[in-house]
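The values are calculated or read from the model by the stated rules, or taken from the named source; none is laboratory data. Quantities reported herein were computed from a predicted structural model and do not represent experimental measurements. For neighbour counting, all protein chains shown are included, and Cβ atoms are generated from backbone atoms with ideal geometry for every residue, glycine included. All accessible areas refer to the heavy atoms of the entire protein, side chains included, with ligands and DNA or RNA removed. Shrake-Rupley method; radii C 1.70, N 1.55, O 1.52, S 1.80 Å.
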Amino acid sequence: MSDTPHTSLYVRSANVAKRNRAGNTLRYLGLGAISLVLLFLAVLLWSILSRGVPAFYQYQAQIELFYDAETLDPDGTLDPEEIGSRSLRSGYERGIFADSLRATLEGNGINTEEFKDKDLSNLIYAANRRDVRDSVVENLDLLDQTVPFNVPIASPVTRYLSGELAGVDRSSMPPGIDRAQLDLIDQMVEAGLIEQKFRWNFFSNVYSQSGEIAGIGPALMGSAYMMLVVLVFSLIFGVAASIYLEEFAPKNRLTDFIEINIANLAAVPSIVFGILGAAILITLKNLGFGDSIRGTALMGGIVLSLMTLPTIVIATRAALKAVPPSIRDAALGVGASKIQTVFHHTLPLAAPGILTGTIIGIAQALGETAPLLLIGLSVSTGAELLSSPLTGGLLEQTQSMPTAVYLFSQNQDTPVREGLAQSAIIVMLVLLFALNLFAIILRRRFERRW
Amino acid sequence: MKDTTETDRAMSTQNDVKISAKGVQVYYDKNQAIKDVDVEIEGRTVTAFIGPSGCGKSTFLRCLNRMNDTISICRVEGDILIDGEDIYDPRVDPVQLRAKVGMVFQKPNPFPKSIYDNVAYGPKIHGLAKSKADLDDIVEKALRRGAIWDEVKDRLHAPGTGLSGGQQQRLCIARAVATEPEVLLMDEPCSALDPIATAQVEELIDELRSDYTVVIVTHSMQQAARVSQKTAFFHLGNLVEYGDTDKIFTNPEDPRTESYISGRIG
């Protein structure tokens, strides 16, 4: 029948063996790559979680806080305004905290004679005017009362409690802390006066240089407001631009040019948008508007919108393109106008793709840092925003999550730099995962309809 | 069957001209797809366009409801009159034209909505129904006309895309007739269907003839012979021959027509 010699199927030919080897090599390379990626992911998560999660907990001392009327209101005015203004003079809160701590310790049978007031107040975070003065301003009945109170342990002592200072000799102790003080801390722990608590106020407090009371409240709100601005601006403009380009624009050189430039815009480094924002701010200042929108969520949102716009345009156009032309034909065929075809048929079918693209764009914007630093999202603590969260939302200076992480990571204090920065990162990652999950759920729901 | 079509054909010759095309040229950019076509299509008649692939029959069909407008490089010259009115006149809105000239496409393309919404969409946007009950009536009537009412009446709110191919195509026909058109254009409506579904659709086309002017593009000569009273043979953009279906299939005048129907070209 044929001249080719009979070959058995049981014998693997050299050619096939070679091809199999090539295939296996590729497979192992792929597996290796995936393992490497998983390893990096594990290292990343471990490094974030191992430092960030403990930083959510804080050592606090339970003291009996005595609101000393002689210090807070020496003239006996009982006038909240007077009390509120006079305390600006000096950090007298330290004295109140030191006295209260001493009284608490003596009450628990711990001898404090050898310690000066300063030694005691150095152990705790004793500079929080809000806790003492503002409480009294709000409620004058507190004067001369003794109230159980949890005060954060000072950050050097925190390092001792978490075991970091074990075996460190006297000369390299953090400033203001010596062995005798640490022994006192040991006694307090034994007496059950020091507890580790989840610091809920991390989510509501304003940013501060002091790690003991620093929080990400304004940063969270600033980011939320910015996402809102991004959503409104980039979704409206992005979808409108995409519909025009995809469904109405004639295909000519001009639209080609626009298309290429949108793709280019998506690749522009984010810091460039920051420079653009900064230039706008300078122009506004020169025009006499001052710093009115510097560092606000509105400004940040606009800059991030510019950055997100190309992503949304590209995703929306892809989603519109994916709608089968037969649907457009069908609608036009029964006499729908072009605009009806788009809004009744094409757009609803493209919605899952548009939503996914939008959420991915927003997630990208949520993590963007560089442009925000340039337009001043890191200059304010955000206290103004917190005092009027609804009315001041867009127009008060604030922070954002990534700039808060940046600020924490630049802090002098090691526990802040290594702990709180990671805690803020965890919060941000949780938000990002939530956004992505939301995108997936939305897409599933829309797709399941038919 | 043969006898009835004979008598029908005798009657059809008395029908008025519904669509009249004179000197129609169609260009895609620089390529001429239709060359100087003159044709007069009679009302209440099924007219079949046959011819090999790429001969321009679909292009010409899409000129009749200006679906070619959606292709930016497409240019149409000449006159196409429906009831004596030039449909390419600047005063004519293609949206209004397409309500009058319905279309059924090659691949069944129901909207990804419910069966009810598929049919109700056209009447809704054209404002044909004054109330919900009105709309219900229109939908039922259209589905009956599409010979699919009995199959879907219990699941009007099920998705249209869940029907079988043949049912989907009849749904599309129902959707097309729901806007009360006068002309129905069909672009190879059975090419994606199996023989049984094809037979059902063909039967339906035959019934539709009593109310509508039907123009059907088909690749199947048997189908043209079965459903049409008039046949036009297109070749390379030219209308080679146009006449009674009987005559085209039994005694064509042009040698190209004869070659095509006998299977030598195409």
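Descriptive notes on the structure:
- Exactly one residue among A:Ala249, A:Ala241, A:Ala219 is of a type in the set (A, V, I, L, M) and within 14 Å of another protein chain (Cβ to nearest Cβ), and that residue is A:Ala249.
- For first residues located in segment A:126-153 and within 22 Å of A:Gln196 (Cβ to Cβ), partners that are of a type in the set (Ser, Thr, Tyr) and modelled with pLDDT of 80 or more and lie 6+ apart or on another chain with Cβ distances below 8 Å form the pairs A:Ala127/A:Ser210; A:Val147/A:Tyr67; A:Phe149/A:Ser100; A:Val151/A:Tyr125; A:Pro152/A:Tyr59; A:Pro152/A:Tyr125; A:Ile153/A:Tyr59; A:Ile153/A:Tyr125.
- Residue match in segment B:70-82 (condition: within 8 Å of chain A (Cβ to nearest Cβ), at pLDDT 90 or above and either surrounded by 19 or more Cβ atoms within 10 Å (Cβ to Cβ) or under 17 Å from the mean Cα position of the chain (by Cα) (or both)): no
- Hey, A:Ser35 under 30 Å from A:Ile153 (Cα atoms), at pLDDT 90 or above, assigned to a helix (DSSP H, G or I) and of a type in the set (S, T, N, Q) or not: no
- Segment A:242-253, residues that are open to solvent by 40 Å² or more (accessible area, probe 1.4 Å), of a type outside the set (Phe, Trp, Tyr) and part of a helix (DSSP H, G or I): A:Arg253
- Residue in segment A:282-296 that is in a helix (DSSP H, G or I), in the same structural domain as A:Thr403 (by TED's automatic domain parsing) and open to solvent by less than 10 Å² (accessible area, probe 1.4 Å) present: no
- Every condition in (1) surrounded by fewer than 11 Cβ atoms within 10 Å (Cβ to Cβ); (2) charged (D, E, K, R); (3) over 30 Å from A:Phe203 (Cα atoms) holds for A:Arg19 except the one numbered (1).
- Scan of segment A:315-361 for residues that are in contact (Cβ under 8 Å) with a residue 60 or more places away in the chain and charged (D, E, K, R), ordered by number: A:Arg317, A:Lys321, A:Lys338
- Taking segment B:198-266 and the helices (runs of 4 or more DSSP H) fully enclosed by it, the elements with 3 or more residues that are under 17 Å from the mean Cα position of the chain (by Cα) are at B:221-227.
- Here A:Pro352, A:Pro371, A:Pro348 are screened, and the one residue that is surrounded by fewer than 22 Cβ atoms within 10 Å (Cβ to Cβ) and in contact with a helix residue (DSSP H, G or I) (Cβ under 7 Å, 6 or more places away or on another chain) is A:Pro352.
- Test: residue in segment A:332-346 that is in contact with a His (Cβ under 7 Å, 6 or more places away or on another chain), within 11 Å of chain B (Cβ to nearest Cβ) and either in a helix (DSSP H, G or I) or more than 30 Å from A:Val268 (Cα to Cα) (or both): yes
- Any chance A:Ser50 is in a helix (DSSP H, G or I), open to solvent by less than 20 Å² (accessible area, probe 1.4 Å), within 29 Å of A:Ala154 (Cα to Cα) and at pLDDT 85 or above: no
- Residue in segment B:112-128 that is among the hydrophobic types (A, V, I, L, M, F, W, C), within 14 Å of chain A (Cβ to nearest Cβ) and surrounded by fewer than 18 Cβ atoms within 10 Å (Cβ to Cβ) present: yes
- Entry remark, segment B:159-181: residues being assigned to a loop (DSSP other than H, G, I, E, B) and either open to solvent by 30 Å² or more (accessible area, probe 1.4 Å) or of a type in the set (Ser, Thr, Tyr) (or both) number 3 in total.
- Condition met for A:Leu182 (at pLDDT 85 or above and either of a type in the set (Val, Ile, Thr) or in a helix (DSSP H, G or I) (or both)): no
- Residue check, A:Asp256 open to solvent by less than 40 Å² (accessible area, probe 1.4 Å), more than 30 Å from A:Gly376 (Cβ to Cβ) and either over 28 Å from the mean Cα position of the chain (by Cα) or modelled with pLDDT under 90 (or both): no
- Just one residue in the set A:Glu64, A:Glu70, A:Glu81 is among the acidic types (Asp, Glu), part of a helix (DSSP H, G or I) and touching a helix residue (DSSP H, G or I) at 6+ places or on another chain (Cβ under 9 Å); that residue is A:Glu81.
Quick grid of which residues meet (1) outside any helix (DSSP H, G or I); (2) within 12 Å of the chain's Cα centre (by Cα); (3) of a type outside the set (Gly, Ala, Ser):
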residue	(1), (2), (3)
A:Glu368	yes, yes, yes
A:Ser380	yes, no, no
A:Phe408	no, yes, yes
A:Val416	no, no, yes
A:Ala421	no, yes, no
